[in-house]
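What follows is one structure encoded as structure tokens, with my remarks underneath.
Bear in mind these aren't lab numbers, they're just calculated from the coordinates by the rules spelled out. Remember, it's a predicted structure, so these values are computed and weren't measured experimentally. As a convention, Cβ positions derive from the backbone with ideal geometry for all residues, glycine included, and neighbour counts pool all protein chains shown.
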Protein chains: 2
Amino acid sequence: MQTLLIVSHPDIIESGSQQYFLNSIKQHSNITIHHLEHLYPDGKIDVAKEQDLLKQHERIIFQFPFYWYSATPFIKKWQDEVLGEGFGYGTKRQPLAGKEFGLVMMIGVAEREYQAGGEELFSISELTKPFQAMANKLGMVYLRPLPVFQFFYMEEEEKMNNLIKYWQLLTMDKDISLATREKWLIEQLEQIVNPDEAFSPLTFAIERIQANRDKIDELKMVLDDMFLK
Amino acid sequence: MQTLLIVSHPDIIESGSQQYFLNSIKQHSNITIHHLEHLYPDGKIDVAKEQDLLKQHERIIFQFPFYWYSATPFIKKWQDEVLGEGFGYGTKRQPLAGKEFGLVMMIGVAEREYQAGGEELFSISELTKPFQAMANKLGMVYLRPLPVFQFFYMEEEEKMNNLIKYWQLLTMDKDISLATREKWLIEQLEQIVNPDEAFSPLTFAIERIQANRDKIDELKMVLDDMFLK
């Protein structure tokens, strides 16, 4: 699966959270990082090129700071121009149908404020309805989003937890079965194993997960046999 | 009451609906028409000037085409910059608190599609939550919006009905009592009466409305007297 990560931020160099997340995926062969302000410094979007890029990816993610409960002006401009008539609507062929769509949002306010009675009044699910409606219009599958609340107040462990959720949103199959998550974890571990080392704790971890999986599959077969006979 | 009408459209000259509504209020002394693309052709917003303008008005309206279930990129840019830290948030003084906020949206799809089971999945109330949350954050009163659905398919009478709703959103007090609506109607009629004509149907209409109002007030006084004695 190829993922197109469309990033927009008015001042990305100054954003510690953006840098933290983006630096962690620079080497990933299945992710195309697509930073709008960097690619189009004059603001003029190459619509045909963007549409081609969308067709070449199975998962599309918008990553942006959640200012005023929405995406950046550049993402809105991208939506209005790239998803224009004949591509985004007003056509029966729906070129993006069946692909997946997700959001990564950096949020300055605490999670507890996003509810009735909280300072921000509405939940993230309520505030992102325009994006859910967009996915619906395009025939895309809307993924569970990743809202990152108050990154700068996080302890290191919490940051790491968010990083793993980030990698999962970008690269893990939507199917949430244990087998899928194990397969994904092994792939991630294999990417960071040092091939020069004869033995490492990571190799050991991979072997253990695979052994457990084999055992589970074996037990399943026994169970199936019992019921089929 | 002074109203600031913040208009944004990527191609306003070509938009028949925008022209229809804007032309009808050109002479209105209580409305400041503020067309962002016209005022800032290079996209650079004079933040201090915009903030001053907001302070001078009691009602703020955004008018835009409802592309991808949201406002234009320029309105988002305006929000992010003008309603920045120290003015829009991160300050206790809330310079816009108590003022009113409303939306005028030109919408290409039929109203019936904006619901569960409809093509657009969500209602306008659901899709405009980011603006409701903004009004909440600023301490502003969120007004009943004016979504104009499929202007070009409208009969002349329907267009006129929408025009009246438009004028009401821009100039009528929020209080929806009959007395308020009568007062507003008389003001509107007086504006279009030709002073050179000794008698016109409009003058007659104004007199009738006022006479009815006097009668109602009289009856109210009688009723109050009955209960007080």
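Applying 1/(1 + (r/R0)^6) with r as the Cβ-Cβ distance of A:ARG93 and A:LEU53 and R0 = 22 angstrom yields a FRET efficiency of 0.80. Put in line by how crowded their Cβ is, counting other Cβ atoms within 10 Å and starting with the fewest, B:PHE204, A:PHE151 read B:PHE204, A:PHE151.
Each residue of the stretch A:157-172 was assigned a 3J(HN,Hα) from its phi angle through the Karplus expression (A = 6.51, B = -1.76, C = 1.60, θ = phi - 60°), giving 5, 5, 4, 4, 4, 5, 5, 5, 4, 5, 4, 5, 4, 7, 10, 8 Hz with x at Gly and Pro. For a modelled paramagnetic label at A:VAL141, 7 Å from Cα along Cα-to-Cβ, the residues of the stretch A:100-114 in reach, with backbone nitrogen under 20 Å, are A:100-104.
Each other copy holds its own label point for A:GLU207; taking that point as 7 Å from Cα along Cα to Cβ, the gaps run 10.4 nm, nearest first.
Computed across the stretch B:37-180, the Kirkwood hydrodynamic radius from all distinct Cα-Cα pairs reaches 16.8 Å. For the protein assembly as shown, the alpha carbon convex hull comes to 248 Å³ per residue, rounded to a whole number.
In chain A, the beta-carbon sitting nearest the axis that superposes A on B belongs to the residue given here with its distance in angstrom, A:PRO73, 2.
A protection proxy built from the mean count of other Cβ atoms within 10 Å ranks the segments A:104-115, B:100-111, most packed first, as B:100-111, A:104-115.
Roughly how crowded by other chains is peptide A:86-94, in terms of the mean Cβ count from those chains within 10 Å of each of its Cβ atoms? Numbers along the way, then the final one.
Details: counts 0, 0, 2, 5, 1, 0, 0, 0, 0.
Across A:86-94, the average partner-chain Cβ count within 10 Å equals 1.
In order along the stretch A:106-114, the phi-based Karplus estimate (6.51 cos²θ - 1.76 cosθ + 1.60, θ = phi - 60°) of 3J(HN,Hα) comes to 8, 10, x, 9, 5, 4, 5, 6, 8 Hz; Gly and Pro are listed as x.
Couplings 3J(HN,Hα) for the stretch B:136-147, derived from phi with the Karplus relation 6.51 cos²θ - 1.76 cosθ + 1.60 (θ = phi - 60°), are 4, 4, 8, x, 8, 8, 7, 8, 4, x, 10, x Hz, where x marks Gly and Pro. Remark on A:VAL141: its backbone amide H falls under 5 Å from those of A:GLY98, A:LYS99, A:GLU100, A:PHE101, a criterion applied only to residues 5 or more positions apart or on other chains, H modelled at 1.01 Å from N.
B:VAL109: net charge of surrounding residues, Cβ under 10 Å, Lys/Arg +1, Asp/Glu -1, itself excluded? Spell out each step's value before the answer.
Working: positive: A:LYS137, B:ARG112; negative: B:GLU111, B:GLU113, B:GLU119, B:GLU120.
Within the 10 Å Cβ shell, the charges total -2.
Legend: mean number of C-beta atoms from other chains within 10 angstrom of residue C-beta atoms, peptide A:74-83, equals 4. Distant-in-sequence amide contacts of B:MET106, defined by a placed amide H-H separation under 5 Å and a gap of 5 or more residues or a different chain, comprise B:PHE64, B:PHE66, B:VAL148.
For A:THR91, the shell of other residues with beta-carbons less than 15 Å away shows a net charge of +2, using +1 for Lys and Arg and -1 for Asp and Glu. Is the shape of the stretch A:32-94 best called rounded, prolate or oblate, per the rule: a/c under 1.5 gives rounded, else a/b larger than b/c gives prolate, else oblate, with a ≥ b ≥ c the square roots of the Cα gyration tensor eigenvalues? Prolate shape, in that a/c is at least 1.5 and a/b is the bigger ratio. In this model, which of B:LYS26/B:LYS174; A:LYS99/B:LYS77; B:LYS159/B:LYS215; A:LYS77/A:LYS99; A:LYS26/A:LYS174; A:LYS76/B:LYS92 are farther than 24 Å apart at the alpha-carbon? Over 24 Å Cα-Cα: A:LYS99/B:LYS77; B:LYS159/B:LYS215; A:LYS76/B:LYS92.
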